[in-house]
Amino acid sequence: MMMRVLFLTLFFSVYTLSLTLAQEACFKVNVQKGCEPLTVVVTNCSTADLDNITYDYGAGEGEIPDTEYTYEEPGVYTITQYVGGNNTDTKSLTIDVKAPQEIYFQMRLCQGKKVNVLLDDTYYDQYRIAYGDGTVVEVNSGEQPGTHTYSTEGEKRITVQGLFEGTASCGSTEKSMEVYEILPVPEIHRLEALSENGLRLGYTTVPGLVFALQEKVGSGTYQTLRTLSESGSSGAVTLNDKFTGQKTYCYRLQVLDPCTDQQVTTSEELCSVGFELSSKDRINTLEWQAYPGAQRYEIYRDEALLARLENANQYNDEEVLCGKTYTYFLKVVLENAEVISLKKSIETAKGNPPAPVNQAYASVTEDGKIKVSWEEDSSPSAEEKKVNIYWNNVLQETVTINGSNSISVDANAPGSYCFEIFQLDGCGQESEKVSACAAYLQGQKSGGDTRLSWTAFQGWDGTFAHYLEVYDEQGSLWRTEGPFSSGALQFTDPESNLEASFHKYRLRIENTAGSGTAYSNWVEIQEPVNLKVPEAFSPNGDGLNDTFVLFAKHFQAIHLRIYDRWGNEVFASSELENQWDGNHTNGQPLPQGGYTYLIQGIDTAGKGFSRKGMVMIVR
């Protein structure tokens, strides 16, 4: 019996061990590094039943039985294999998913149909260079593919692919260029003086050509300033510390062969140009030295073309205003290039000051702004107008006006708004200042009257008359007061306290020596709530003073509440027509005595009002 138990124990131990060994996790993948979207295919090498095997691809989806998965986003992921059963085993592999990136490389032309590809990129593990003629070269990151020679001239397409783990799972970058047996010569097509110590040189070239920019020193000797190469057909460089107003600078381009580090050929020389500028008797004169090979000279004034000349070395500009500063530059036009001088400025002599403006006046517009206007003048020397803006006799700002005969300003606060308009010529000489003041109207209630006052109007050379316009609630002109004398600055209106809840006023000022009308701002006078409340009434049915009646004017809404001496509401109404007959809301007559009333409402201006008091019931 003991031997049988020992045999069974040994049998089950061996069986359990065999199950454990049979379910050990094991898998391989087709790729562990590549660009998104990256599809990973899992190959199972475990002897476990496939129904008991799942995979977690590390992308947040948990365990799934699929053996193929595509990663859509870059990142580092972990694939874990789970072998099921009571003795679960796992195995993990790391997957590196990269974002595709453009490959940065340069192409350099060499003599004899050769090209150098220079990789400026270390993102990928390897790079595959296809030269477009059947030649393909692979290099590791950090290495260069060297020189390639084509059998023919013409356009060539070079494609560079980025590889991870030797697989071209990512994109590629393609560039085109012409290859030559004899390298072409670049040309300087523009030389421009930018400032007193700077030049800008523009050139035409071919993509991939390497050349040196050289500057002439002494007599016939050149020194290299920098080495250049362009991916396009043109380029430009800025050269500082070049004193263009004092010295002439000459440049050329020297073609280089990067495969042999040899100089090949040079471009034509191009030199800077200068001129002298002077002014006398209202004539500005430009003088320069004749430029070799010049087809024509172009004179520019204030960035606009002024004249084209041939076989000349001087130009007189007579179309100038005295006192004005003009800026000139000279352009030399050659067969395939142009040279632009430094810009120079000069001020002409002063003349008579400009004439003043006429018929200035100020009026308040419907949107509340003050518009100042004047007549245009025919003074040829006036180049700009200025307006001094005063509020309460204090200068607020000075505004420059060009191409207009009016200006609008905000009237943000009550007070006096006055303006001085004057003209300036190019010499900074001012004309006589012409003043204009707007009439600013203010008003307030005083008892039953409306008191109005305004600031003094000034304009139209002092010839004008005032009128006060009164408008009703519907915006219709009700009546006009005036005319007032020019010294009158106030008016009391005793007729305003009528049935209307408000009135609007404004001043109208008429030019009595010509055409033109000016206005003040609008003033709206709100009539206060007119409320009369009885002190007692006798609800005894004799037809005399039987109800409690409110008398009110100039309100939007009103509400009446009546309370007994214990604070209980006994009556309420929002209508003036609902008179209180002395009864409780339940219809029962209330006893004689004092009751508290509370009146609340909104006036025609939208403001709330309230009144509280006592009323007596007398029976």
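General remarks:
- The chain: antiparallel DSSP beta bridges as a percent of all, rounded to 5: 95
- Shown is the FRET efficiency for T221 and L194, computed with R0 = 25 Å from the Cβ-Cβ distance and rounded to the nearest 0.05: 0.45.
- Residues E174 and V29, FRET efficiency given R0 of 35 Å [Cβ-Cβ distance, rounded to 0.05]: 0.70
- Remark on G58: its backbone amide H falls under 5 Å from those of T80, a criterion applied only to residues 5 or more positions apart or on other chains, H modelled at 1.01 Å from N.
- Principal-axis tilt of helix 2-22 within the chain, Cα atoms, nearest 10 degrees: 80
- Debye intensity ratio I(q)/I(0), log10, region 511-619, q values 0.12 Å⁻¹ (C-alpha model): -0.49
- Relative contact order (%) - criterion: Cα under 8 Å, at least six apart; region: the chain: 6
- Extents of region 202-268, taken as max minus min of Cα coordinates on every principal axis and listed largest first, are 39, 23, 18 Å.
- One decimal place: the segment E73-D96 gains 7.2 nm when fully extended, by the rule 0.36 nm per residue minus the C-alpha distance.
- Placing a pseudo-label 7 Å from each Cα along the Cα-to-Cβ vector at T585 and E366 gives an inter-label distance of 4.9 nm.
- The stretch between Q444 and S141 holds 100.3 nm of extra length on full extension. This uses 0.36 nm per residue minus the Cα-Cα distance.
- Relative pair counts by distance (%), Cα atoms of region 142-193, 5 Å bins: 4, 12, 16, 18, 14, 13, 10, 7, 4, 2, 1
- For region 85-228, the C-alpha radius of gyration divided by 2.2 N^0.38 Å, with N the number of residues, is 1.56.
- Across region 421-438, rounded Karplus estimates of 3J(HN,Hα) from the backbone phi angles (6.51 cos²θ - 1.76 cosθ + 1.60, θ = phi - 60°) give 10, 8, 10, 10, 9, x, 8, x, 6, 9, 7, 5, 7, 10, 9, 8, 10, 7 Hz, Gly and Pro being marked x.
- Spatial separation of Cα centroids for region 207-225 and region 358-419, in angstrom: 60
- Under-5 Å amide H pairs with W478, H placed in peptide plane, nonlocal only: V470, Y471, D472
- Ranking of L330, L256 by solvent-accessible surface, largest first: L256, L330 (1.4 Å probe, protein heavy atoms only, all chains present).
- Here N316 and V206 are evaluated by their C-beta separation; at R0 = 45 Å the FRET efficiency comes out at 0.50.
- On the principal axes of its alpha carbon atoms, region 148-275 extends 63, 29, 21 Å, with the longest extent given first.
- Structure-derived P(r) over Cα pairs in 20 Å bins from 0, in percent - corresponding label in (i) 16, 37, 24, 14, 7, 2, 0; (ii) 16, 43, 31, 9, 1, 0; (iii) 12, 18, 17, 20, 21, 10, 2, 0: (iii)
- Calculated from backbone phi, Karplus (6.51, -1.76, 1.60) coupling profile of region 258-264 in Hz, x at Gly/Pro: x, 6, 10, 6, 10, 7, 10
- By accessible area, using a 1.4 Å probe on protein heavy atoms only, the chain has 46% of its surface on carbon and sulfur.
- Proximity of backbone amide H atoms, modeled 1.01 Å from N, is registered between E338 and R190, L191 at under 5 Å, excluding neighbours fewer than 5 places apart on the same chain.
- Summarising the label geometry, the points placed 7 Å from Cα in the beta-carbon direction at Q526 and T122 lie 7.7 nm from one another.
- Linear extension gain, T492 paired with N540, 0.36 nm per residue minus alpha-carbon span: 12.5 nm
- Volume of the convex hull of region 41-85 (Cα atoms only), normalised per residue: 73 Å³.
- Applying a 4.7 Å Cβ-Cβ cutoff to the chain, the cysteines left without a disulfide-compatible partner are C322, C427.
- Near D121, once Lys and Arg are set to +1 and Asp and Glu to -1 for all other residues with Cβ below 12 Å from its Cβ, the sum equals -4.
- Normalised by residue number, the volume inside the convex hull of the Cα atoms of region 58-163 is 133 Å³ per residue.
- Area of S485 that stays accessible when all protein chains are in place (1.4 Å probe, Å², to 10): 70
- Pair-distance distribution P(r) for region 276-369, from all Cα-Cα distances in 5 Å bins starting at 0: 3, 11, 20, 17, 11, 8, 6, 5, 6, 5, 4, 3, 2, 0 percent.
- Each residue of region 444-461 was assigned a 3J(HN,Hα) from its phi angle through the Karplus curve 6.51 cos²θ - 1.76 cosθ + 1.60 (θ = phi - 60°); the sequence is 7, 7, 9, x, x, 9, 10, 9, 10, 9, 8, 7, 5, 7, 9, x, 6, 6 Hz, with glycine and proline shown as x.
- The accessible area of F105, taken with all protein chains in place and a 1.4 Å probe, comes to roughly 10 Å².
- Computed with a 1.4 Å probe over protein heavy atoms only, the accessible area of M614 comes to about 110 Å².
- Descending semi-axes in Å of region 341-486, equivalent ellipsoid built from Cα gyration tensor: 39, 15, 13
- Accessible area (Å², per residue) of the chain, counting only protein heavy atoms and a probe of 1.4 Å: 53
The values are calculated or read from the model by the stated rules, or taken from the named source; none is laboratory data. None of the values given here were measured: they were computed from a predicted structure. For neighbour counting, all protein chains shown are included, and Cβ atoms are generated from backbone atoms with ideal geometry for every residue, glycine included. Please note that ligands, DNA and RNA were not included when accessible areas were found on the heavy atoms of the full protein model with its side chains. Shrake-Rupley method; radii C 1.70, N 1.55, O 1.52, S 1.80 Å.
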